[in-house]
Amino acid sequence: MENLLGVLMVPMVVFMVVVAPIWLVLHYRAKGRIGAGLADSEREQLQGLLARAEKMQERVGSLESILDAEVPGWRNKV
């Protein structure tokens, strides 16, 4: 019984001394990154992309209205 306890004690000590601290550091570092949100540069880039998408949506709408006027059945051909 004591031999079995000794065999189980070594992996437990190794886990508690080596693995557990590394695991905790990595866990809380990842949580910190998630809680930080977007950086200012990322937020600006996202706003720029949103503005581009809105412009493209307007252009597509204009092109569709032109095609509707010039080629009435173009949507059925696609």
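Things to note:
- Gained length - Ile66 relative to Leu49, 0.36 nm times residue gap less alpha-carbon distance: 3.5 nm
- For the chain, the longest principal axis of the C-alpha atoms and the axis of helix 2-14 are separated by about 40°.
- Taken about its Cα centre, the chain carries a charge dipole of roughly 100 debye when the Cβ of each Lys and Arg holds +1 and the Cβ of each Asp and Glu holds -1.
- Rounded Å value of the spacing that divides the Cα centres of the range 14-34 and the range 56-78: 56 Å
- Average accessible surface for the chain: 96 Å² per residue, computed with a 1.4 Å probe over protein heavy atoms with every protein chain in place.
- Adding -39500 (n - 2.57) for every DSSP H run of four residues or longer, then dividing by how many residues the chain holds, sets the calculated 222 nm ellipticity at -27500 deg cm²/dmol.
- Largest to smallest principal axis extent of the C-alpha atoms in the chain, angstrom: 91, 35, 11
- Against the empirical curve 2.2 N^0.38 Å, the C-alpha radius of gyration of the range 1-41 lands at a ratio of 1.99.
- Carbon and sulfur %, accessible surface of the chain computed with the full protein complex present, 1.4 Å: 66 percent
- Selection among Val60, Phe15, Gly32 by position relative to the dipole of the chain gives Phe15 as farthest towards the positive end (Cβ unit charges, Cα centre).
The values are calculated or read from the model by the stated rules, or taken from the named source; none is laboratory data. Since this is a predicted model, take the numbers as computed values, not measurements. As a convention, Cβ positions derive from the backbone with ideal geometry for all residues, glycine included, and neighbour counts pool all protein chains shown. The protein model used for the area step is the full one, side chains on, heavy atoms only, and it has no ligands, DNA or RNA in it. Shrake-Rupley method; radii C 1.70, N 1.55, O 1.52, S 1.80 Å.
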